[in-house]
Amino acid sequence: MRSTLRKTVLTLTALAAGFGIATAAPASAQAAPTKSCVTGDKLVPSCGVLWGAAAGGFTGKPRDAEHRAWEKTSGRDATIFHTYHKGDEKFPTDAEIAMARDKAHPRVLLLNWRVEYGSTWAAVAAGKQDKRIDAFAARLKSKFTEKFFLVLNHEPEDDVRTDAKSGMTAKDFAKSFRHVIQRLRAQGVGNAVSVVAYMGSEKWMAQSWWKDLYPGNDVVDWIGLDSYVSSEKNYYHAGVFKDLLDRKAKGGTGFYDWATTNHAAKPIMVAEWGAYHRLGKVVSKVAQFDSVLPELAKRPAIKAIVYFDTKKDLFGDRDISIDSTPASLASFRKLAANPLFNVTVR
């Protein structure tokens, strides 16, 4: 991370392959899908929603250990295991590979990579980091052939510079993303499922360059969103799950509507989400967690949600954990237990 509900609720039992919406029913009446939900070629579930986590953020503790602990706390295995890498780091690490190959707890890796680290997007697009890309491709082919999600430079909006000489314009990002994915494919990498992950903030969506960030349908498999809400009323981005999906520039289109209108064939991943309050405050997150299922029922393009859990954010002033209050944890465990998230990885 870097920086009410509508009255009509559609039943979650009818969420199935594709993006169709079915008949209405109260959220309390949600039940298990009538058929087995499995992932397909691009890890899109045939029904249901993939459930994941990035746990232990900003703690410095091993991510695999934090992920397992979070699974116990939340009451459900988190199918997506989200980790972060930059530059020449060698990954997936042995620990990450072990997590993906844990037969008792099958997981899919969501690997977040800042390829341009130490240089610029323009340099990557020009082939100046090809050695870095090729080393990653070689590691995958020799050590890890399972399908996985690959995010390149998540939340690029925060890094955009409008000076053409900076090498970090929105168009530079799009070209960089394209180059990396195309080179990986040319190197024989066929198990990487690409994700472009936006911040989806109204501040950035109002910029004239925001539209230039999209790399192209041919190199993007999933559209991702990293977005959060405050459980404190009258605090920055106070709201519920609906609000983190619908942020928009004044007079513009909300993120979910933008994605489904402009890229209707692409599944959406909420690659980071969470509810926060300031440290020192004791504020229930029940309203935020209870709002998730009704919104997913109305938004069938969302095929994965990944919670970002940390007691302190990057700036040390926000608690995004699921257990900041007993009631919050109870609400989250109820959410996690829903059969909507019963998806088998293939």
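Assorted remarks:
- Exposure proxy ranking for 85, 277, based on other Cβ atoms within 10 angstrom of each Cβ and starting from the fewest, stands as 85, 277.
- The simple spin-label model puts a point 7 Å past each Cα toward its Cβ; for residue 237 and residue 203 those points are separated by 1.0 nm.
- Qualifying aspartates and glutamates (Cα of each under 12 Å from Cα of residue 281; at least 8 residues distant if same chain): 232, 317, 319
- Karplus (6.51, -1.76, 1.60) ³J(HN,Hα), θ = phi - 60°, over region 60-65, in Hz, Gly and Pro reported as x: x, 7, x, 5, 5, 5
- Ordering 309-315, 292-298, 243-249, 117-123 by mean Cβ neighbour count within 10 Å, with the highest value first, yields 292-298, 243-249, 117-123, 309-315.
- Label assignment, Rg and Dmax of the Cα atoms in Å derived from the structure, set (1) 20.8, 70; (2) 19.2, 56; (3) 27.4, 103: (2)
- Taking a ≥ b ≥ c as the square roots of the Cα gyration tensor eigenvalues, region 125-177 comes out oblate, since a/c reaches at least 1.5 and a/b does not exceed b/c.
- Positive dipole terminus of the chain, leading residue within 343, 286, 84 (C-beta point charges): 343
- Charged side chains reduced to their Cβ positions (Lys and Arg at +1, Asp and Glu at -1) give region 12-344 a dipole of some 320 debye around its Cα centre.
- Label-reachable residues, region 168-194, where backbone N falls under 16 Å from a point 7 Å from residue 42's Cα toward its Cβ: 178, 181-182, 185, 190-194
- Candidate aspartates and glutamates for bridging to residue 266, where Cα separation is under 17 Å - those fewer than 8 sequence places away on the same chain excluded: 41, 218, 221, 226, 257
- Greater than 21 Å apart at Cα, pairs in 61/143; 171/211; 61/312; 86/203; 90/141: 61/143; 86/203
- Peptide packing: for 252-263, 221-232, the average count of neighbouring Cβ atoms within 10 Å per residue gives the ranking 221-232, 252-263, highest mean first.
- Cut-off under 5 Å, modelled amide H: who pairs with residue 193 long-range: 148, 149, 150
- In order through region 83-99: 3J(HN,Hα) via Karplus (6.51 cos²θ - 1.76 cosθ + 1.60), integer Hz, x for Gly, Pro: 9, 10, 9, 8, x, 8, 4, 8, 7, x, 6, 4, 5, 5, 4, 4, 5
None of the figures in this text is laboratory data; all of them are computed from the coordinates on show. Since this is a predicted model, take the numbers as computed values, not measurements. Ideal geometry is used to build each Cβ from the backbone, glycine not excepted, and the neighbour counts take in all protein chains shown.
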